[in-house]
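Some notes on the structure that comes next.
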Amino acid sequence: RLLADPEVDLVVTWGLLASHAACCYGSLPKPVVAPVIIDIRLQGVPYDQGVSGLENFSYVALPDNLANEMPAFLDIVPFEHVAILTNVALVEAIPDLPERTRESLAGLDIGFDFIPVGDSVEEVLAAIPEQADAVYAWPLYQLPPEAFERLVDGLNERKLPTFSALGGEELEVGMLASYA
């Protein structure tokens with residue numbers, strides 16, 4: 001509707017899902033800025049020599065991605081199988097996310113499972129498989145701060161080393177490390 005509205009000159013998507021949706025839209029009749037891109041490769045975001053390569057489309061991507069962060073995590077704590085905590089809606093929005101992740105992590109000789117995160121910390125903790133010996137967390141904006149702290153406490157109780165895609169406050173509440 002915004003793209004078709006003659007009163008709107010510019011669309012700024014806000015949030016991970018809206019930004020991802022803009023990446024998948026195709027031809028855009030007016031300028032669109034997507035400020036929340038987590039990983040260009042994993043999300044299949046158009047990229048051509050530092051720009052989107054699409055007319056009327058611009059985005060802001062986090063500077064680091066899984067392909068860079070996972071080796072850094074392995075340098076800190078060796079592991080064989082990582083649970084990747086991901087917003088459930090992102091997993092649903094990118095059906096080939098597991099295959100893209102497999103390609104991105106090729107050569108690291110580690111296994112992984114995506115753990116879709118909704119709003120239940122207990123369900124997330126229960127879903128982490130026994131073989132997981134590390135946890136990587138993509139931004140989980142849908143969790144209120146107190147729920148995120150409970151999640152981190154639960155992971156630390158299980159003595160699982162954790163790596164945050166965001167850093168900052170996530171480290172302050174007990175995550176082990178971040179590339180950021």
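The values are calculated or read from the model by the stated rules, or taken from the named source; none is laboratory data. None of the values given here were measured: they were computed from a predicted structure. Note that each Cβ is placed from the backbone with ideal geometry, even for glycine, and that neighbours are counted across all protein chains shown. Surface accessibility is based on the protein's heavy atoms, side chains included, excluding ligands, DNA and RNA. Shrake-Rupley method; radii C 1.70, N 1.55, O 1.52, S 1.80 Å.
Here are the numbers for this structure:
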{"quantity": "Within the stretch 63-80, considering residues that are open to solvent by less than 60 Å² (accessible area, probe 1.4 Å) and charged (D, E, K, R), the one farthest from Leu10 (Cα to Cα)", "calculated": "Glu69"}
{"quantity": "Complete set of residues in the stretch 151-180 that are surrounded by 17 or more Cβ atoms within 10 Å (Cβ to Cβ) and among the charged types (D, E, K, R)", "calculated": "Glu170"}
{"quantity": "Qualifying position, being among the aliphatic types (A, V, I, L, M) and touching a His at 6+ places or on another chain (Cβ under 7 Å), among Ala93, Ala61, Ala21, Ala89", "calculated": "Ala93"}
{"quantity": "All positions within the stretch 112-151 that are assigned to a loop (DSSP other than H, G, I, E, B) and without any contact (Cβ under 8 Å) to a residue 40 or more places away in the chain", "calculated": "Gly118, Asp119, Ser120, Glu130, Leu143, Pro144"}
{"quantity": "Number of the exception - Val60 against (1) assigned to a strand (DSSP E or B); (2) open to solvent by 40 Å² or more (accessible area, probe 1.4 Å); (3) within 20 Å of Asp96 (Cβ to Cβ)", "calculated": "(3)"}
{"quantity": "Residue identified as open to solvent by 20 Å² or more (accessible area, probe 1.4 Å) and outside any loop (DSSP other than H, G, I, E, B) among Ala22, Ala4, Ala89, Ala83", "calculated": "Ala89"}
